[in-house]
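Notes follow once the structure below has been shown.
The values are calculated or read from the model by the stated rules, or taken from the named source; none is laboratory data. All figures in this text were calculated on a predicted structure; none of them were measured in a lab. Counting neighbours? That spans all protein chains shown, and the Cβs are built from the backbone with ideal geometry, glycine included. Keep in mind that these areas ignore ligands, DNA and RNA; they rest on the heavy atoms of the full protein, side chains included. Shrake-Rupley method; radii C 1.70, N 1.55, O 1.52, S 1.80 Å.
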Amino acid sequence: MNNYSYPFSQLKTTEEEKVGTDSLNVGFVSRLTVWWMNSLMKKGSERPLEEEDLFAVADLGSSKIIAEKLQRTWSDELKVKSIGKTDKKPSLLRAIYRIGNTCELSTIIFLPLVSCSMMLLRAIFLAMILQDLTEFGIKAIPWLYWYITGIFFFTVVEFLGENVVKYKARCAGIQARSALASLIYNKVSDNSSL
């Protein structure tokens, strides 16, 4: 399994490596714009990257840990059903959800709402520009600058939010795929040893 499946979890911070800073200590803007990756991108533009150039994966982000966590949560799903505590069927989707980071998953859900509100506000500001231009003509120019600044701000926030969501969703997908592949591999290897 690929141990570089979730690279942004934690970066190397030892003195001799100096590859990047721990993403937990990186500021909000750096996380939002993925600025912390610049050193790696600069190195990659100068020469081909080696494995030691890549950021270390946090233990929580490694394929082995994720696969073990999914195995435990899936076993718990099966145990609850076998004990008879509930009439619910075991759900693999619920087990996958439980291995995810709640903060990351809530970001994937929350940021599209922000993006939609930015699109709505942009449309409202465009309507205000048209209304002021038709009513006041050239006298509305001072307000137009504010409207245009607002539209620009909403566009930037929407763009950054969408990119963060895409990145986090891809990372969550890689985690789930890695864990599911390991679960299937373990199931097949257990059945073949019988």
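List of remarks:
- Being closer than 27 Å to residue 35 by Cβ and hydrophobic (A, V, I, L, M, F, W, C) holds for only one residue in 184, 124, 129, 174, and it is 174.
- All conditions in (1) assigned to a helix (DSSP H, G or I); (2) open to solvent by less than 80 Å² (accessible area, probe 1.4 Å) hold for residue 90, with the sole exception of (1).
- Residue 136 part of a helix (DSSP H, G or I), within 30 Å of residue 35 (Cβ to Cβ) and not basic (Lys, Arg): no
- Remark: pairs (first residue in the stretch 106-133, within 25 Å of residue 171 (Cα to Cα) and touching a residue at least 40 places away in the same chain (Cβ under 8 Å); second residue basic (Lys, Arg) and part of a helix (DSSP H, G or I); Cβ separation under 7 Å; 6+ apart in sequence or on different chains) = 107/168; 108/168.
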